Each structure stands twice: as C-alpha cells, then as structure tokens.
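The values are calculated or read from the model by the stated rules, or taken from the named source; none is laboratory data. Quick caveat, the model's predicted, so the values are computed rather than measured. Cβ: placed from backbone, ideal geometry, glycine included. Neighbour counts: every protein chain shown.
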Ligand SMILES: CC(C)(COP(=O)(O)OP(=O)(O)OC[C@H]1O[C@@H](n2cnc3c(N)ncnc32)[C@H](O)[C@@H]1OP(=O)(O)O)[C@@H](O)C(=O)NCCC(=O)NCCS
C-alpha cells in the first residue's frame, strides 16, 4: 500500500506553499525536521496524557506523508496522512504549538493536507478525532461516524469527509 502511494506522490514531493510568513511543506522520516515534529507531538499530544510515543508506533511512519508548518525555521504545527487503501487516507497527529493555537495554523495544515490528498487521486479522508477537537474538524466539513470510544485514555470519535 505504501508503495502505491509513494509512486503516485512524486509530484507532491516538491509541493510547498507560503501563507503570509508561514511555510507548510512535506517533511521526511528521520530528518531534522522530523525530530522537531516528534518533539511537538510529544509536547502537545502525549505529555498531557502522561505517555510517550513508542519506537514501534514511530517505525511505521516512514510510509506516511508527514506535513509541518514552520515560522522562521521553527515548527509551529504538524499533521500526517496515513494511506489506508486506494480510496481513503487517515489524517492523524494534528498538533499546533500551544502559543500558536487559534491563529490559523491548524486551518492551513488541513488545507494543505486536503490538497495533497486530492493530488494523489484520493477523495476520502477520515480521522480518529479527540472529542475536544471535534468542533475544529466540523468547521472543515468533517462529520462524526458512529459512537464514541476511548483511545489513549481520551474520548474519541471517528470523523470522515469526502473531498470534492
Ligand atoms: C485542534 C488544533 C489542531 C486546532 O489548530 P489551531 O491552529 O489552534 O486552529 P485554527 O486557529 O486554525 O482554527 C480554525 C478554526 O477552528 C476553530 N477551532 C480551533 N480549535 C478548536 C477546537 N478545539 N474546537 C472547536 N473549534 C476550534 C477556531 O476557532 C477557528 O474558527 P474560525 O475560523 O471560525 O475562527 C490545535 O488547537 C491543537 O493542536 N490542539 C491540541 C491538540 C489536539 O487536540 N489535536 C487534535 C487531535 S485529534
């Protein structure tokens, strides 16, 4: 599955866009930027829950599309796209540095991720949303699917959007 997407994604490898002073771009597993991303994800998503990423979880990320926002060379936010099948990708690990939250970074990350998804010819995006972020995703047309559940000790709902 990873190979399928990697082949089709060659165009988007150079994809980058500028939104005022902020850059959003695809980053690469094992790079210095990936280290920054992991630090951000641990700070924003895991430390508040008292847990950390395991090496097993991270080892699978070399097949995913890693996306990060930067301001003056420093990471301000990130997300990932995980190919699930030929029709669907999962948006995951959406996190914005605490002092950057509420300033449009998350919105820009979602826009960038959705453009990337369309570029590779996929139209269905789903995610496991923390309940505290459901309102954020609803703003961009994502809809709850089914009942809630607990993951990493946190209430979640599956959400989905068909891109047009
Ligand atoms: C949720 C998160 C990614 C949103 O990113 P952000 O950069 O703060 O969001 P933006 O500034 O781009 O906000 C875009 C819109 O969503 C709204 N919004 C942001 N966070 C929201 C939330 N948690 N609930 C409801 N609405 C929210 C904003 O008010 C804004 O609305 P507007 O366009 O009407 O003004 C970020 O706050 C974050 O990292 N939170 C902690 C980690 C987390 O919960 N991640 C998601 C895991 S599923």
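Tabulated data for the structure shown
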read-out	value
Residue among 164, 117, 89 that alone is modelled with pLDDT under 95 and either away from the ligand (no atom under 12 Å from the Cβ) or over 17 Å from residue 24 (Cβ atoms) (or both)	164
Among (1) outside any helix (DSSP H, G or I); (2) away from the ligand (no atom under 12 Å from the Cβ) - the single one residue 155 does not satisfy	(2)
Odd one out for residue 136, checked against (1) under 17 Å from residue 26 (Cβ atoms); (2) in contact with a helix residue (DSSP H, G or I) (Cβ under 9 Å, 6 or more places away or on another chain)	(1)
Test: residue 69 is within 17 Å of residue 109 (Cβ to Cβ), touching a helix residue (DSSP H, G or I) at 6+ places or on another chain (Cβ under 6 Å) and touching a residue at least 12 places away in the same chain (Cβ under 8 Å)	yes
Every pair of residues 6+ apart whose Cβ atoms lie under 6 Å, when the first sits in region 121-133 and is under 14 Å from residue 151 (Cβ atoms) and touching a residue at least 12 places away in the same chain (Cβ under 8 Å) while the second is part of a helix (DSSP H, G or I) and near the ligand (Cβ under 7 Å from one of its atoms)	none
Residue 150 vs. criteria at pLDDT 95 or above, loosely packed, with under 13 Cβ neighbours inside 10 Å and within 14 Å of the ligand (Cβ to nearest atom)	yes
